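All remarks here apply to the structure that follows.
A short reminder: the numbers here are calculations on the coordinates, not readings from a lab. Owing to the predicted nature of the structure, the values given are computational and were not obtained by experimental measurement. With ideal geometry, Cβ positions are generated from the backbone for all residues, glycine too; neighbour counts draw on all protein chains shown.
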Amino acid sequence: MISFRRKPIFPAGSNRTNSVSVKLQSLDLAPAAPLFYEVILGGTVAGVYGGAVPGIPANETALEVNLTPGIPVGGISVFKGVAAGGGGNRVLASSELLDLELAGTDPITLVVETISGSNQILSTLSLKEEW
């Protein structure tokens, strides 16, 4: 569904390894029908990174995004579960439950799969950058 990773070099043109601390902050899902979800750290992710994080200028974030990641091969499942349908916004996890900091350029990916049929999903996977 969506995948983030730290840019290898940041700020752009500095020739310095990205040292910005990036932490998983929260996960919210509002599916129309029940689904399974999983947050996976690391692994090999299809698709292309390098896109800007939506709504944030590329020079103001230490992250790059992949909006078509597919399911990672390998990696570690750090959080998973089932979300009820009905479209209501539901906080599934917050920073208190997700004590996780990204290291290097390992991606963090949100994967969702409908339990049956098709599904419309509104989601937020929030990461916090500490400069």
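Inter-label distance, Arg16 to Thr68: 3.5 nm, where each label sits 7 Å from its Cα along the C-beta direction.
Computed over the chain, relative contact order equals 47 percent, with contacts defined as Cα pairs under 8 Å that lie 6+ residues apart. With the charge dipole of the chain set up from +1 on Lys and Arg Cβ and -1 on Asp and Glu Cβ about the Cα centre, the Cα lying farthest toward the positive end among the listed residues Val78, Ala103, Ile115 is that of Ala103. When +1 charges are put on Lys and Arg Cβ atoms and -1 charges on Asp and Glu Cβ atoms, the dipole computed for the chain relative to its Cα centre reaches about 160 debye.
Could you rank the peptides 10-19, 69-78, 116-125, 23-32 by their average count of other C-beta atoms within 10 Å per residue, with the highest value first?
Numbers: 10-19: 11.4, 69-78: 14.9, 116-125: 13.0, 23-32: 18.6.
Descending packing order for the listed peptides: 23-32, 69-78, 116-125, 10-19.
Here the 3J(HN,Hα) profile of region 43-56, calculated from phi with Karplus coefficients 6.51, -1.76 and 1.60 at θ = phi - 60°, is x, 9, 10, 6, x, 10, 8, x, x, 6, 5, x, x, 10 Hz, Gly and Pro shown as x.
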